[in-house]
Amino acid sequence: MTFDRDNIAAVADEYVLGLLEAAEVADLEAEMERNDDLKAAVAASRERFLPLDTTVEPATTDETLWQRIERALPEQSASPRRNGQGPANDNNGNGWRATAIASLAATVLLALGLAFSLMRTVEPLVVAVLLNDAGEVQAVVEDFGNENAAIRLLADIDVPADKTIQVWTLPSKEMGPVSLGLIEGIRSTRLDGPSLPLPKDNQLYEITLEQQGGSPTGRPTGPILAKGWARLPR
Amino acid sequence: MLMSSAPDELERSLAACANGDRNALRHIYDVEAGRLIAIAQRIVRRRELAEEVVQEAFIRIWTHAHQYESTRGSARGWIYAIVRNRALNMLRDGKREHAIEDIETLQEKDSSDDVMTAWYRLDRNSRLYACLDALDDQRKRSILMAYVGGYSHGEIAGRLRLPLGTTKSWIRRSLTALRECMA
């Protein structure tokens, strides 16, 4: 199927009238995502024919159809992109609210972090939401103890080609900051850290920008990108 | 034609849906469900299939409300298009075929009535009415059969007793004439 300038209006009309085959419909809907002219032509065509629909004699309605709709509605989550991805808000209970960090967004993300952790068989011992200086959520760390932790980046962090993001925690003042590992590229990752005491409530986690291969000193040397304090899932 | 809800009210409802307000979706249901069921039923014929279409459409309105852009047409047009697309998809999946086998004669009469009823109910002062009226009767009917009844090229050709190729080029030319007339 072609979407030439001359052809667009005609194809849009046939789409709106329902005259295209299933495969052509799929092609057109994919093309619409990137072709603004086509999108506009479809919108214009819809508006042209809309009076044939708005003037229809309404059917009788009843409460049972609405009840069926309402039962099937998924929760609307904080970020529209997460639509349909499960019970993200079902865990937004009082325990999380009480420990919310700074903002409603952080609260919701804590709940998301918990939901994420609940969907797996192994539960993390603590979850930490990491915020930048502006108070914006950047990442969630889940620490499982047993030398295992996972970090999910929740913001686009600009990492220069010769740098890397290193994840740290502060098990105690005596031990000082300990590296949990590096994030490969700018993706979320599982970390295999050293053997440490079990993570506790209020333990500090942070991510810093370090040179390739990680901090040469074994202590954070680069700028802190985000930090946050652990919470125990309630 | 008097609208029971101003378009900008539907726009506000969609925005509220995107923010998780179920009352806003309920409002859209209260204002539009009767028409939406009727529109779906013109295409899928059976009431229970039409309700299935409308149910799926409302879930999609809810989950995709954030994608509505007012610069791309009216909120009403966006909502109706979702219902029309669900109904047309159901046709392509072949559900209506069973309905046709079940009650062929009755349904045949009903659907051609539906198509002409849509024509008679159209506002005589509208651009669409004037421009459709400028087409000859068979061509006007073929456009209405497609849009209102969800008929395919083949079904229209069969009912108007015309070769398929002729029907396709008729419809294509009629649509071009309509676009020029309404521009």
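For the reader, a short list of remarks on this structure follows.
- Pick from the stretch B:50-83, criterion in contact (Cβ under 8 Å) with a residue 40 or more places away in the chain and open to solvent by 10 Å² or more (accessible area, probe 1.4 Å), ranking: farthest from A:GLY18 (Cα to Cα): B:HIS66
- Exactly one residue out of A:GLU29, A:GLU57, A:GLU24 is modelled with pLDDT under 95 and under 22 Å from B:SER70 (Cβ atoms): that is A:GLU29.
- Pair list, Cβ under 6 Å, 6 or more apart: the stretch B:120-136 residue at the interface with another protein chain (Cβ under 8 Å from one of its Cβ atoms), other residue hydrophobic (A, V, I, L, M, F, W, C) and open to solvent by 80 Å² or more (accessible area, probe 1.4 Å): B:ASP123/B:MET1
- Single residue of the stretch A:8-58 satisfying the filter (of a type in the set (A, V, I, L, M) and not in a helix (DSSP H, G or I)) that is farthest from the other protein chains (Cβ to nearest Cβ): A:LEU20
- Residue match in the stretch A:80-102 (condition: loosely packed, with under 14 Cβ neighbours inside 10 Å and modelled with pLDDT of 90 or more): no
- First in the stretch A:62-75 and more than 7 Å from chain B (Cβ to nearest Cβ), second anywhere and among the aliphatic types (A, V, I, L, M), Cβ under 7 Å, 6 or more apart: A:GLU75/A:ALA88
- Condition met for B:ILE39 (assigned to a helix (DSSP H, G or I), surrounded by fewer than 23 Cβ atoms within 10 Å (Cβ to Cβ) and within 12 Å of the chain's Cα centre (by Cα)): no
- Residue within the stretch A:211-219 that is open to solvent by 60 Å² or more (accessible area, probe 1.4 Å) and hydroxyl-bearing (Ser, Thr, Tyr) present: yes
- If you go through the stretch A:107-139 and keep only what is open to solvent by 10 Å² or more (accessible area, probe 1.4 Å) and modelled with pLDDT of 80 or more, you end up with A:LEU125, A:LEU131, A:ASN132, A:ASP133, A:ALA134, A:GLY135, A:GLU136, A:VAL137, A:GLN138.
- Considering each residue of the stretch B:21-36 in turn, at least one proves to be under 17 Å from A:ILE69 (Cα atoms), of a type in the set (Val, Ile, Thr) and under 20 Å from the mean Cα position of the chain (by Cα).
- The residues of the stretch B:163-172 that are surrounded by fewer than 20 Cβ atoms within 10 Å (Cβ to Cβ) and either in contact (Cβ under 8 Å) with a residue 12 or more places away in the chain or more than 10 Å from chain A (Cβ to nearest Cβ) (or both), listed by number, are B:PRO163, B:LEU164, B:GLY165, B:THR166, B:LYS168, B:SER169.
- Neighbours by Cβ (under 8 Å, 6+ apart or cross-chain): first from the stretch B:150-162, over 23 Å from B:ALA50 (Cα atoms); second among the small types (Gly, Ala, Ser) and modelled with pLDDT of 90 or more: B:LEU160/B:SER142
- Every listed requirement among (1) open to solvent by 60 Å² or more (accessible area, probe 1.4 Å); (2) touching a Phe, Trp or Tyr at 6+ places or on another chain (Cβ under 9 Å) is met by A:ARG190 save one, (2).
The values are calculated or read from the model by the stated rules, or taken from the named source; none is laboratory data. Keep in mind that this is a model prediction, so the values were computed, not measured. Cβ sites come from the backbone with ideal geometry, for glycine too, and all protein chains shown count toward neighbours. Note: areas computed on protein heavy atoms with side chains; ligands, DNA, RNA excluded. Shrake-Rupley method; radii C 1.70, N 1.55, O 1.52, S 1.80 Å.
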